[in-house]
Structures are given as structure tokens and as C-alpha cells.
Amino acid sequence: MAVLTKPVVADPVAPAEKPARDGFPLFSHAFLVLWALLTTLPLAWAVLSSFKSDAEILTDPWGLPGEIRWENWGRAWNEAHIGRYFLNSAVVVAGALFLTMLFGAMAAYVLARYRFRGQRVVYYAFVGGMMFPVFLALVPLFFVVKNLGLLGTLPGLMLVYAAYSLPFTVFFLTAFFRTLPTSVAEAAMVDGCGHYGLFFRVMLPMARPGLVSVGIFNFLFQWNQYVLPIVLMQGEGADRRWVLAQGLTALAVNEGYRGDFSGLFAGMTIAMVPVLIGYVAFHRQVQSGLSAGQLR
């Protein structure tokens with residue numbers, strides 16, 4: 001005899017409890033907003049001051065310019081030779097960045113994908129180079145560059161910039177190359193791709209996010225470098241080969257006595273323009289490159 005039972009109805013699913021909100025997100029957001037203001041307001045103030053007259057800068061430093069004075073930029077570019085220093089910096093940084101990314105990527109790829117005797121020694125030698133202060137190498141570096149006949153020249157400055165940027169580049173890209181899938185490299189080798197073709201045609205394009213990220217960091221380091229040019233740009237006529245950091249320093253010293261503050265702010269703004277353009281153009285690639293190695 002069958003026994004009829006009343007069907008059991010499952011209890012309705014209770015809505016998930018919302019996690020208790022604490023004050024940490026609010027504190028972190030407030031800190032980020034404060035940090036953004038501390039970094040953005042001085043830049044905006046310098047840009048606005050570059051369009052003011054000297055009287056406006058001294059009497060109303062926080063106000064808006066009465067009119068846009070592009071002649072301040074023209075005076076800084078021509079009379080203060082900021083244009084010449086800007087071109088020198090562009091040539092030096094472009095050459096140094098090319099050498100850094102080429103040789104740094106090649107060294108990092110070999111250290112990440114190949115096994116050979118002394119591999120860890122070479123890798124930690126690059127890592128140790130990151131911890132070596134540049135001030136301890138200024139005197140021997142001066143004599144090395146002088147003996148090579150490159151003292152006071154733009155090619156000599158390129159080589160020094162590239163040498164000091166290589167440790168961080170190799171350290172960063174070695175970790176990134178290790179995250180790339182091995183199956184793609186094996187498939188390319190099976191299809192007849194050699195070691196050079198594998199690197200330049202397959203692995204290097206796959207490492208583009210990491211290359212962009214480390215390239216931006218190297219660009220900022222090299223563009224804002226001041227100590228190395230001061231030491232190495234010596235000799236007769238070296239002032240014509242100064243880079244932008246040296247030119248701005250000379251402008252600040254000279255204009256500080258003559259009172260051409262508007263020209264000084266214009267020169268500072270001209271120096272900041274490439275950095276701002278680079279950040280606006282590549283900030284998404286920098287973020288994706290920094291997180292790609294952690295997510296894979």
C-alpha cells in the first residue's frame with residue numbers, strides 16, 4: 001500500500017548578506033584624491049604661469065592669466081635656447097631608448113627561456129646593478145668616457161643612459177618573458193622558425209605590453225636625468241650639446257637675477273610636454289603591461 005507523502009518545499013533562498021562596509025575604501029579614495037591634487041595642481045600652476053607676465057606672477061601667483069602670452073614660449077625657445085636643448089634631449093633619449101629596449105629585451109629573453117651554465121649569476125648581476133648608486137660611479141665613469149673619446153658628445157651620453165637603464169629593463173622583462181606560453185614557441189619551432197625569427201617575429205610582439213611599460217619608465221628616467229649630463233657634458237663647446245635638464249638649470253640661474261620668471265615657467269612647461277603626451281597616449285598600455293605578468 002503506497003503511502004502518500006506531502007512534497008517537501010524547499011525554503012526560499014535567503015538573500016545574500018551584504019558585506020559590512022568599513023571605512024578603508026573611503027580612506028583609500030580620499031588619499032588617492034589628495035595625492036592626485038598634490039601632483040596635478042603644481043603642474044597646472046606651472047602651465048598657467050607660463051602664459052602670465054612677470055607682474056602677474058609676482059602680484060597674483062594663483063590667479064588666471066589676463067591673456068595668453070605665447071611670446072613667453074617663443075622667448076624661452078629661441079633666446080634661452082630651450083629649442084636646442086630640447087632637440088639634444090630628444091636625440092639622446094631616442095638613441096638610448098632604442099639601445100636599451102633592443103639589448104635589454106634580447107638579454108631578458110635569453111635569461112627567461114634558455115638554460116645555460118652561469119645563468120643565475122648573469123641574472124643576479126643585472127639585479128645587483130639596480131642597487132648600485134650612480135654617484136659612486138661618476139668619477140670612474142668620467143675617465144672611461146674620456147678615454148673612449150666620447151666626453152662631451154651626444155653618442156657618449158646615449159651609451160651611458162642605455163647602460164644604466166639595462167638592469168631594470170632586464171629584470172622587468174625577464175619576469176614578463178617567463179609568463180609567455182611555451183606552446184606558442186614550440187609550435188613556431190616545429191614550423192621551421194629559427195631562434196632569431198622566434199624572438200623577433202613571435203615572442204617580441206607577444207611581449208608588447210611589457211615593452212611599452214618598461215619603455216615608459218626608461219623614457220622618464222632618461223628624459224629627467226641631470227647628474228650624468230652634468231658630469232659627462234664637459235669640454236669646449238659642450239654647452240651647445242646640453243640636454244634639457246641642464247638648459248633649464250642654466251635658465252633658472254640666469255633668469256633668477258633678471259626676473260624673467262615667465263620665460264622660466266615657459267621653459268619648464270616645454271620640458272613637461274613630452275612626458276604628459278607620453279602618459280596620456282600610453283597610460284592604458286602601462287597599466288595592462290604591469291598587470292599582465294601577474295595575471296598569466
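The values are calculated or read from the model by the stated rules, or taken from the named source; none is laboratory data. Here the structure is a predicted model, which means the values were calculated and not measured. Here the Cβ is made from the backbone with ideal geometry for all residues, glycine too, and neighbour counts use every protein chain on show.
Counting only residues that are assigned to a helix (DSSP H, G or I) and surrounded by 15 or more Cβ atoms within 10 Å (Cβ to Cβ), segment 221-243 holds 11 of them. On the stretch given as segment 185-223, residues that are within 16 Å of ALA162 (Cα to Cα) and polar (S, T, N, Q) total 2. Is there a residue in segment 157-167 that is touching a residue at least 60 places away in the same chain (Cβ under 8 Å), surrounded by fewer than 16 Cβ atoms within 10 Å (Cβ to Cβ) and within 21 Å of THR100 (Cβ to Cβ)? No, the conditions are met nowhere in segment 157-167.
Among the residues of segment 149-168, how many are in a helix (DSSP H, G or I) and either of a type in the set (S, T, N, Q) or under 17 Å from ASN218 (Cβ atoms) (or both)? Looking only at that region, the number is 12.
Can you confirm whether VAL47 is more than 17 Å from LEU264 (Cα to Cα), under 27 Å from the mean Cα position of the chain (by Cα) and of a type in the set (Val, Ile, Thr)? Judged against the criteria, VAL47 is not a match. Read through the list (1) touching a residue at least 12 places away in the same chain (Cβ under 8 Å); (2) over 30 Å from GLY235 (Cβ atoms), then give the number of the only condition that ALA125 fails. All conditions pass for ALA125, except number (1). Candidates GLY192, GLY197, GLY210: the one that is assigned to a helix (DSSP H, G or I), loosely packed, with under 15 Cβ neighbours inside 10 Å and modelled with pLDDT under 90 is GLY197.
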